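Beneath this line is the structure, given in structure tokens, with notes to follow.
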Amino acid sequence: MNYNYFFVSALDKLRDERRYRVFADLERIAGRFPHAHWHSPEGKRDVVIWCSNDYLGMAQHPKVIGAMVDVAARMGTGAGGTRNIAGTNHPLVELERELADLHGKEAALLFTSGYVSNQTGIPTLAKLLPNCLILSDALNHNSMIEGVRQAGCEKQVWRHNDVAHLEELLKAADPARPKLIIFESLYSMDGDIAPLHAICDLADKYNAMTYVDEVHAVGMYGPRGGGVTERDNAASRIDVIEGTLAKAFGCLGGYITGSAEMIDAVRSYAPGFIFTTALPPAICAAATAAIRHLKTSQWERDRHQDRAARVKAVLNAAGLPVMPSSTHIVPVLIGDAEKCKMASDMLLADHGIYIQPINYPTVPRGEERLRITPSPYHDDVLIDALAEALVDVWDRLQLPKRRQQLAAE
């Protein structure tokens, strides 16, 4: 039997559906973000990154780099084992304390990524709650969907941010049954915000637990970077706050925070935590440095919001179809998978601008887009160049402008 045939067929299907992903070989330059080198088929080229999740450029911050280098020199590179077997290094313990403090919780638990923290945290919690009913927002991230699937308990999906629908489901459930409401604070593809207090009101009314994913908000919102839950004074009402160290904090890893007993239970039962190597001390030290800096420095958050607002204004003025967003996410609608990939390729090859196309299944078919994420370091010159490049690509691909779309509606 030719087993390779099945793999080739699967890849051909992705290509036919215009969903085959091509990765750009990038070499970031510390101190010059968002500038980078692209190792193209024709050789090294200078490019500007416009879609990084290193939202605040903290991966290049001197304090963060310095902490990593110092601890790596003193303690070495790897963690040396799982948390149970020699892997609980002191910088990791300090980082968990810092995260608990960030969200005003009793304890925190680190995982190797934000994906894993959802994928293993959600099912562990659900399995510890007898006959648990999970109520999941329709637009939750794949890591949350996988966590729900692995929980193996009953789930109900409520329409995105529709608290009336959520209440219908809660009202129909047995009042004595444990219930876990899971949702995101900031949805990264559309840039919209969950109605936190309305969800918490329902959780209080129907005696449900709440689990919020803050990965696209920690560091960037709230007076200390605690996320949308901190900004909206809702953190104390949420049972579990999950986040990442790989976006605004510029490092690697994921975590959950909550009560000491809940965190201890997950620590003791979660296979995705128990049976994997701990985060290395240098990574933990760097993340702690980023969190401590952003707890006291407001410049990055203010500048970030200013840059996002200017990008939206300039692109809207150019007639580009910027999707409405109240946050730092700037989605520009294309609505065609093939043209979305072509637009991305043209921006990179012809203008030195890197924006990865967002196609199905990340977004529904027909809603393909370019997802632009400004940083504090995208200056006016770069923003104007982005707008000019996008207009050029839109004209060459004969994509509809915003004014044309509004006229059609």
Between Ser259 and Asp162, take the C-beta separation as r, use R0 = 22 Å, and let me know the FRET efficiency to the nearest 0.05. 0.15
Quick one: compute a quarter of the convex hull surface over the Cα atoms of region 99-146 and quote it in nm². 4.2
Based only on the alpha carbon positions, what is the Kirkwood hydrodynamic radius of region 292-409, in angstrom? 14.9
How far, in nm, would the chain grow between Val8 and Val381 when pulled straight, counting 0.36 nm per residue and subtracting the alpha carbon separation? 129.9 nm
May I ask which of Lys127/Lys205; Lys105/Lys155; Lys13/Lys247 have a Cα-Cα span longer than 25 Å here? Lys105/Lys155; Lys13/Lys247
How large is log10 of I(q)/I(0) for region 54-142 at q = 0.12, 0.20, 0.22 Å⁻¹ when the intensity is taken from the Debye formula with one equal scatterer per alpha-carbon? -0.57, -1.26, -1.35
Among region 171-187, those whose backbone N falls under 13 Å of a label point 7 Å along Cα→Cβ from Glu154 are 171-180
Please give the per residue accessible area of region 118-217, computed with a probe of 1.4 Å over protein heavy atoms only, in Å². 38
What value in Å³ per residue do you get for the convex hull of the alpha-carbon atoms in region 310-370? 93
Counting only protein heavy atoms and using a 1.4 Å probe, what share of the accessible area of region 260-374 belongs to carbon plus sulfur, as a whole percent? 55
Loop-only GluC sites (Glu not before Pro) in region 261-365, please: DSSP not H, G, I, E or B, and at most 14 other Cβ atoms within 10 Å. none
For region 203-313, size of Cβ-based charge dipole, Lys and Arg +1, Asp and Glu -1, in debye: 500
Where the Cα pairs of the chain fall when distances are cut into 20 Å bins, in %: 25, 56, 19, 0
Counting only chymotrypsin sites (Phe, Trp or Tyr not before Pro) that sit in a DSSP loop (anything but H, G, I, E, B) with at most 12 other Cβ atoms within 10 Å, what is the longest stretch of the chain containing none of them? 24-274
If each residue of separation counts as 0.36 nm, what is the full-extension length gain between Met1 and Val391 once their alpha-carbon separation is subtracted? 135.3 nm
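The values are calculated or read from the model by the stated rules, or taken from the named source; none is laboratory data. For clarity, every value in this text was computed on a predicted model and none was experimentally measured. Every residue, glycine among them, receives a Cβ derived from its backbone with ideal geometry; neighbour counts consider all protein chains shown. Just the protein is used for accessible areas: all its heavy atoms, side chains included, with ligands, DNA and RNA removed. Shrake-Rupley method; radii C 1.70, N 1.55, O 1.52, S 1.80 Å.
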